[in-house]
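The values are calculated or read from the model by the stated rules, or taken from the named source; none is laboratory data. On a predicted model such as this, the values are computed, not experimentally measured, just so you know. Don't worry about glycine lacking a Cβ; one is built from the backbone with ideal geometry, like all the others, and counts go over all protein chains shown. Keep in mind that these areas ignore ligands, DNA and RNA; they rest on the heavy atoms of the full protein, side chains included. Shrake-Rupley method; radii C 1.70, N 1.55, O 1.52, S 1.80 Å.
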Amino acid sequence: MKFSSKTKLKDIMEAEEFQPFGRFLFPSGFLNPEPSMKVEDMGRLMPWHTEIHEEETLTVLRYMDRQVQEGKPLFFDIYSEEEKKEDPTRRDTGLFYFPGVEGAPAAVLAPGGGFVYVGAMQDSFPLAISLSEKGIHAFSLQYRTVSAHAACEDMARAVAFLFQKSQELGIDMRGYSLWGSSAGARLAAYLGETGPSAFGEPVSEKPAAVIMQYTGYGEAGPHDVPAFACVGDLDGIADWRIMKERIRKLRQYGIPAAIHVYHGLRHGFGLGLGTPAEGWEKEAAAFWKEQRNRMAELYMERRKHYEV
């Protein structure tokens, strides 16, 4: 399928090659795509997102189209048919896959949308491609918006699913990371504190790092994992001061934490192309790598201790 700024969203969502996940490509439920809406109109579906670029969206669509044409896996169900019958809202979930190199670590990404829509085309799809280009296995979570708890269950299930599929997909789940934007950042923070097991999954291992974009979540405790945060100083939804205070609290507990506040940016800037935030994901990935290395060093120290 050929894509341009004039391509209708409905045609993309209903394209045969994008089934059964086409309905998740653009936000729906809160503001539904009208039949006449085109790629250039996508921003109307995401009122809490800014810095939306048509070419970025087209890059994502072309990437996905290539993956499908080459017969590569792009989307996974995370719940069984029985589980979906038990709770029909689970049909609104899944995991988009942007592969890295064999044996590389995994990052699970949760886009924002205020728990009323999932803004993956702005938040997590472009980010996932960027991480994939760096060799990282990136997974964009399509989660339920019925409640924050249900969304946390979906993220926990996604992590458990990847642990189960790690050998098949050639990914290293040791020291995995959770990334989130706005509402999605809250999910990442919740699971960073508790681990997936708190939401009914047989995985107790916490992420090596949580990467948080523009969220008003400020809670922090001694059981949290290292965190990297970024936000704009003109964000009218997620106050940068709240994010900065959370980072300060984490540091008080001796937990590695970093924050970047970008001048002139509002909420939902995604990769921030052409803004002071451009390239933030590289710094976040470097922070995560530091935490993975730190975990490996601690493991070796403990192993030496027990061997002695």
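Laid out as a table, the results:
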read-out: Helix 54-69 vs. the chain, principal-axis angle (Cα, 0 to 90°, nearest 10); value: 90 degrees
read-out: Residues with amide H under 5 Å from that of LYS38, placed H, sequence gap 5 or more; value: LEU9
read-out: Antiparallel DSSP beta bridges within the chain, percent to nearest 5; value: 25 percent
read-out: DSSP-loop GluC sites (Glu not before Pro) across region 74-121, with at most 15 other Cβ within 10 angstrom; value: GLU102
read-out: Cleavage-rule hits (GluC sites (Glu not before Pro)) in region 8-68: DSSP loop, at most 16 neighbouring Cβ within 10 angstrom; value: GLU14
read-out: Net dipole in debye of the chain [+1 Lys, Arg Cβ; -1 Asp, Glu Cβ; about Cα centre; nearest 20]; value: 560 debye
read-out: Region 121-227, dipole about Cα centre (Lys/Arg Cβ +1, Asp/Glu Cβ -1), debye to the nearest 20; value: 100 debye
read-out: Probe 1.4 Å - accessible area at LYS72, Å² to nearest ten; value: 100 Å²
read-out: Three-way shape label, region 13-110, alpha-carbon gyration tensor, a/c 1.5; value: oblate
read-out: Global form of region 102-206, assessed from the alpha-carbon gyration tensor, a/c cut-off 1.5; value: oblate
read-out: Exposure of LEU141 as accessible area (Å², to 10), given a probe of 1.4 Å and all protein chains; value: 0 Å²
read-out: Hydrodynamic radius (Kirkwood) for region 182-308, which is based on Cα pairs only, to one decimal in Å; value: 15.5 Å
read-out: Inter-label distance, nm, simple model (7 Å from Cα along the C-beta direction), ASP239/GLU16; value: 5.5 nm
read-out: Part-to-part distance (alpha-carbon centres) for region 91-147 and region 205-228, which is given in Å; value: 17 Å
read-out: Helix 280-307 vs. the chain, principal-axis angle (Cα, 0 to 90°, nearest 10); value: 30 degrees
read-out: Pair SER5, ARG66: separation of 7 Å Cα→Cβ label points (nm); value: 2.3 nm
read-out: Extended-chain gain in nm, criterion 0.36 nm per residue less alpha-carbon gap, GLN252 and LYS282; value: 8.2 nm
read-out: Charge dipole (debye, nearest 20) of region 188-294; +1 at Cβ of Lys and Arg, -1 at Cβ of Asp and Glu; value: 280 debye
read-out: Cβ-derived FRET efficiency at R0 51 Å, GLU297 paired with THR59, nearest 0.05; value: 0.85
read-out: Gained length - GLU82 relative to ARG44, 0.36 nm times residue gap less alpha-carbon distance; value: 10.1 nm
read-out: Overall form of region 78-148 per C-alpha gyration tensor (a/c, 1.5; a/b vs b/c); value: oblate
read-out: Where chymotrypsin sites (Phe, Trp or Tyr not before Pro) fall in DSSP loop in region 178-254, at most 14 other Cβ within 10 Å; value: TYR253
read-out: Using alpha-carbon coordinates, inclination of helix 240-252 to the longest axis of the chain, degrees; value: 30 degrees
read-out: Cross-link pairs LYS38/LYS85; LYS6/LYS72; LYS85/LYS206 - those with Cα-Cα distance over 32 Å; value: LYS38/LYS85
read-out: Relative contact order (%) - criterion: Cα under 8 Å, at least six apart; region: region 203-307; value: 25 percent
read-out: Average silhouette area of the chain, convex hull of alpha-carbon atoms, in square nanometres; value: 15.9 nm²
read-out: Solvent-accessible area, 1.4 Å probe, carbon plus sulfur percent, for the chain; value: 49 percent
read-out: Ellipticity estimate at 222 nm from DSSP helix runs (n ≥ 4, -39,500 (n - 2.57)) divided over the chain, nearest 500; value: -11500 deg cm²/dmol
read-out: Per residue value of the accessible surface for the chain (all protein chains in place, 1.4 Å probe), Å²; value: 44 Å²
